[in-house]
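Everything below concerns the one structure shown next.
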Amino acid sequence: MNNYQIAEKLSTPIAIVNEHGGLEWKNDAFELMFGVDAKDWLKEGSRVVGGERGWLQDFFMDGEEHRAVDVEIEGRTFRIEHIMEVPDYSSRSVALWFEDVTQQRQMEQAKSDFTAQIVHDLRGPLSGIQGTLEFVLSQEGNKLDSMYSDLLQEAQRESERMMGLVNELLDFSKIEAGNLVIEKEPVRVAGVLKRAVRSLQQVASRDEVFLLSAHGRDVPGVIGSVEKLTQAIINLVSNSLKFTPKRGLISVGAQIVRNGDLPESIVITVTDSGMGIKSSELAQIWEKYKQSGNRSLRGGGGTGLGLYIVKQIVEAHGGEVTVASLEGVGTSMVIKLPVKKASDTGVITASRAAQ
Ligand SMILES: Nc1ncnc2c1ncn2[C@@H]1O[C@H](COP(=O)(O)OP(=O)(O)O)[C@@H](O)[C@H]1O
Ligand SMILES: [Mg+2]
């Protein structure tokens with residue numbers, strides 16, 4: 001019995017497809033599952049439209065480790081896996097294996113929708129608690145005994161921390177559900193830094209850490225989401241706050257990298273004079289749930305999701321994020337974002353041309 005005869009008998013659909021979407025060979029299970037319709041969606045998968053290549057093309061890209069894709073075929077989801085290249089045909093051909101994962105994907109989706117909903121619902125009551133504490137603490141002529149006001153401040157600090165965790169989980173569940181949509185709006189980087197720093201200034205002064213932002217006047221903008229970029233900077237600064245001792249310094253800055261006369265990218269740095277990260281642990285901090293051996297100076301663990309979220313946000317903006325750190329000296333997180341291109345918005349094109 002040769003390989004084809006074995007494949008013939010398998011109950012999983014298998015087909016040999018050439019790079020034009022032509023069906024060179026199929027087993028009985030494939031025939032039973034897809035019948036004659038396969039011709040149409042295979043053709044569709046082999047097309048390249050406006051630079052976007054169809055899923056089938058992924059299997060013909062040299063040196064790419066992209067060997068399994070999820071594809072919607074006639075209302076069902078199939079995980080299509082590359083088995084091997086098959087040299088016996090006149091044009092390049094690959095053997096593919098089709099697994100129906102419709103139910104599995106639906107369950108995953110339901111689970112992540114549910115998590116997202118719960119986490120979202122937690123924010124409501126929590127901001128109620130925060131608002132109440134803030135109100136009580138801000139009353140002028142407050143006759144609270146100092147012990148009570150200390151306790152209330154502690155409660156406020158804990159609720160802030162909880163809000164941080166809830167927000168991270170919410171962002172994370174969106175990313176995992178594939179719902180991290182990045183708007184394409186012009187973003188003033190200077191404004192993003194200002195917002196992020198302002199929202200943590202109070203926490204910093206309470207913890208007796210200097211938090212400042214510094215940038216030139218002509219920081220150009222980027223294209224993306226103000227909300228998400230602000231969130232990314234907030235995540236970095238809150239990490240610095242956890243690991244920087246009293247009288248330490250955290251500075252947030254932005255710089256332009258030019259290519260000739262034109263700004264090419266913007267580099268945003270969040271640098272602290274904190275405890276630093278062991279070099280052996282540097283590589284893993286970007287992974288989800290991964291934390292280094294560092295203990296927060298201000299109590300409470302984290303989720304280990306903050307930096308993973310930052311990385312996803314930055315990469316969704318076409319940028320990259322890196323870290324430099326020295327134990328006992330400090331840490332510097334560096335985000336590099338491409339500057340908006342002349343073709344991205346009409347307004348910019350016009351003003352550049354006029355210069
Ligand atoms: N500025 C920093 N200084 C020292 N350690 C840091 C800093 N930022 C991140 N880390 C380390 O990287 C780990 C991962 O960070 P993150 O993904 O934000 O998770 P979390 O803050 O929930 O622990 C942290 O647990 C900490 O050990
Ligand atoms: Mg964190």
Completion exercise
(1) touching an Asp or Glu at 6+ places or on another chain (Cβ under 7 Å); (2) in a strand (DSSP E or B); (3) at pLDDT 95 or above all hold for Val257 apart from (3)
Problem - Leading residue by the ranking (modelled with the lowest pLDDT) among those in region 207-216 that are exposed (fewer than 13 other Cβ atoms within 10 Å of the Cβ) and more than 11 Å from Ile256 (Cβ to Cβ) - result: Ala214
Handout entry: Among the residues listed as Leu241, Leu326, the single one being more than 8 Å from ligand 1 (Cβ to nearest atom) and crowded, with 21+ Cβ neighbours inside 10 Å
Key = Leu241
Fill in the blank from the handout: Taking region 303-323 and keeping only residues that are farther than 20 Å from Pro220 by Cβ and crowded, with 18+ Cβ neighbours inside 10 Å, one is left with Leu305, Gly306, Leu307, Tyr308, Ile309, Val310, Lys311, Gln312
Fill in the blank from the handout: Among (1) crowded, with 16+ Cβ neighbours inside 10 Å; (2) within 25 Å of Asn3 (Cα to Cα), Trp41 falls short only on (2)
Exercise for the section: Give the residue that is nearest to ligand 1 (Cβ to nearest atom), with candidates limited to residues of region 244-261 that are among the small types (Gly, Ala, Ser) and closer than 19 Å to Lys336 by Cα. Expected result: Ser251
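On the basis of being within 16 Å of ligand 2 (Cβ to nearest atom) and either modelled with pLDDT under 90 or assigned by TED's automatic domain parsing to the domain that holds Gln109 (or both), does Ile175 make the cut? Can you show your working first?
Working: within 16 Å of ligand 2 (Cβ to nearest atom): yes; either modelled with pLDDT under 90 or assigned by TED's automatic domain parsing to the domain that holds Gln109 (or both): yes.
Judged against the criteria, Ile175 is a match.
Results for (1) more than 16 Å from ligand 1 (Cβ to nearest atom); (2) within 37 Å of the chain's Cα centre (by Cα); (3) over 23 Å from Gly306 (Cβ atoms), shown as yes or no for each residue.
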| position | (1), (2), (3) |
| --- | --- |
| Leu122 | yes, yes, no |
| Leu133 | yes, yes, yes |
| Asp145 | yes, no, yes |
| Ser149 | yes, no, yes |
| Arg161 | no, yes, no |
Exercise for the section: Just one of (1) buried (at least 18 other Cβ atoms within 10 Å of the Cβ); (2) within 19 Å of Val86 (Cα to Cα) trips up Leu10, so point out which. Expected result: (1)
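Each row is one residue, and each column tells you yes or no for (1) in contact (Cβ under 8 Å) with a residue 40 or more places away in the chain; (2) within 30 Å of Leu180 (Cβ to Cβ); (3) surrounded by 12 or more Cβ atoms within 10 Å (Cβ to Cβ).
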| site | (1), (2), (3) |
| --- | --- |
| Glu81 | no, yes, yes |
| Ala116 | yes, yes, yes |
| Gly124 | no, yes, no |
| Thr132 | no, no, yes |
| Gln139 | no, no, no |
| Lys143 | no, no, no |
Handout entry: Of all residues making up region 10-32, the number that are farther than 24 Å from Phe60 by Cα and touching an Asp or Glu at 6+ places or on another chain (Cβ under 8 Å)
Key = 1
Handout entry: Flag for Val203 being in a helix (DSSP H, G or I), of a type in the set (Val, Ile, Thr), within 30 Å of Val267 (Cα to Cα) and in contact (Cβ under 8 Å) with a residue 12 or more places away in the chain
Key = yes
Practice task
With the checklist (1) within 8 Å of ligand 1 (Cβ to nearest atom); (2) free of Cβ contacts under 8 Å to residues at least 12 places away in the same chain in hand, flag the one item Ser280 doesn't pass.
Solution key: (1)
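This table checks each residue for (1) closer than 18 Å to Val187 by Cβ; (2) acidic (Asp, Glu); (3) modelled with pLDDT under 90.
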{"site": "Ser296", "(1), (2), (3)": "no, no, yes"}
{"site": "Glu320", "(1), (2), (3)": "yes, yes, no"}
{"site": "Gly330", "(1), (2), (3)": "no, no, no"}
{"site": "Ile335", "(1), (2), (3)": "yes, no, no"}
{"site": "Lys340", "(1), (2), (3)": "yes, no, yes"}
{"site": "Ser351", "(1), (2), (3)": "yes, no, yes"}
Handout entry: Index of the failed condition, Val36 passing every other in (1) in contact (Cβ under 8 Å) with a residue 60 or more places away in the chain; (2) more than 26 Å from Gly178 (Cα to Cα); (3) surrounded by fewer than 16 Cβ atoms within 10 Å (Cβ to Cβ)
Key = (1)
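Would you confirm, using the coordinates I've provided, whether Ala68 is in contact with a strand residue (DSSP E or B) (Cβ under 6 Å, 6 or more places away or on another chain), within 30 Å of Asn179 (Cβ to Cβ) and surrounded by fewer than 16 Cβ atoms within 10 Å (Cβ to Cβ)?
Numbers: in contact with a strand residue (DSSP E or B) (Cβ under 6 Å, 6 or more places away or on another chain): yes; within 30 Å of Asn179 (Cβ to Cβ): yes; surrounded by fewer than 16 Cβ atoms within 10 Å (Cβ to Cβ): yes.
In short, yes.
Do we find a residue being outside the structural domain of Leu122 (by TED's automatic domain parsing), of a type in the set (S, T, N, Q) and within 14 Å of ligand 2 (Cβ to nearest atom) anywhere in region 199-206? Don't jump to the end; show me each part of the working.
Of region 199-206, the ones outside the structural domain of Leu122 (by TED's automatic domain parsing) are 199-206.
Checking which are of a type in the set (S, T, N, Q) leaves us with 199, 201-202, 205.
In the following step, the residues that additionally are within 14 Å of ligand 2 (Cβ to nearest atom) were identified as none.
No, the conditions are met nowhere in region 199-206.
Do the conditions hold for Val267, that is, is it within 15 Å of ligand 1 (Cβ to nearest atom) and within 24 Å of the chain's Cα centre (by Cα)? Spell out how you get there, then give the answer.
Numbers: within 15 Å of ligand 1 (Cβ to nearest atom): no; within 24 Å of the chain's Cα centre (by Cα): yes.
Against the criterion (within 15 Å of ligand 1 (Cβ to nearest atom) and within 24 Å of the chain's Cα centre (by Cα)), Val267 does not qualify.
Results for (1) within 10 Å of ligand 1 (Cβ to nearest atom); (2) in a loop (DSSP other than H, G, I, E, B); (3) closer than 26 Å to Gln156 by Cα, shown as yes or no for each residue.
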site	(1), (2), (3)
Thr271	yes, no, no
Gln284	yes, no, no
Lys288	yes, yes, no
Gly293	yes, yes, no
Ser296	yes, yes, yes
Ile309	yes, no, yes
Gln312	no, no, no
Glu315	no, no, no
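The values are calculated or read from the model by the stated rules, or taken from the named source; none is laboratory data. The structure presented is a predicted model; accordingly, all values stated were derived computationally and were not measured. Virtual Cβ from ideal backbone geometry, glycine too; neighbours counted across all protein chains shown.
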